[in-house]
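Below: one structure, written as structure tokens.
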């Protein structure tokens, strides 16, 4: 079995993996259960993570292909008890219902805002194009991303505080 080294949400992991293991399954083996296994065909985008800063559908990447990479999951968005502005905006705008797509939406939106901190509505829709939601109709998701973008431009890197007693939207505890 090949040896791989990945850094996931700032923590380095050295492992042996089967050559055929998908990154999404490897992440779950590492305890990163906030990244769901969706369709296993790359159609839904629920398993989207950032690999070296670029969004990828982790069901289409072999763990061995991620060797040496920095992986960011939804569980790494919140820091020191503070939600990321995207998580806050999704909560405030009710941009989720069942929540299954939310981790992938958050990660795809994060990638979009890294590249384009002031997107138009059309650019947000295009940036989220590979992520499906069967519940919301997308309007609140798009509004949340636009809100977060405005907040991030105004506040710089500071993240919004999580409401008391709440778990970060789309991922594990902060």
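Quick check: from the Cα gyration tensor, does segment 62-165 come out rounded (a/c under 1.5), prolate or oblate?
In terms of gyration-tensor shape, rounded.
Could you calculate the FRET efficiency of residue 122 with residue 33 from 1/(1 + (r/R0)^6), where r is the beta carbon distance between them and R0 is 41 Å, rounded to 0.05?
The calculated FRET efficiency here is 0.75.
At a threshold of 8 angstrom on Cα-Cα distance, excluding pairs fewer than six apart, so keeping six or more, what relative contact order does the chain reach in percent?
The value is 25 percent.
Provide, as a two-decimal number, the C-alpha radius of gyration of segment 3-74 over 2.2 N^0.38 Å, N being how many residues it has.
0.96
Rounded to the nearest 0.05, what FRET efficiency do residue 5 and residue 98 have when you use their Cβ-Cβ distance and R0 = 30 Å?
Rounded to the nearest 0.05, the efficiency is 0.30.
Note the angle between two axes, namely the Cα long axis of helix 139-155 and the longest principal axis of the Cα atoms of the chain, as a number of degrees from 0 to 90, rounded to the nearest 10.
90 degrees
For residue 153 and residue 52, what is the calculated FRET efficiency with R₀ set at 25 Å and r taken between the beta-carbons, to the nearest 0.05?
0.55
What angle, in degrees between 0 and 90 and rounded to the nearest 10, separates the Cα long axis of helix 102-115 from the longest principal axis of the Cα atoms of the chain?
80 degrees
Since every read-out is calculated from the coordinates, none of them should be taken as a lab result. None of these values were measured; they are calculated from a predicted model. Don't worry about glycine lacking a Cβ; one is built from the backbone with ideal geometry, like all the others, and counts go over all protein chains shown.
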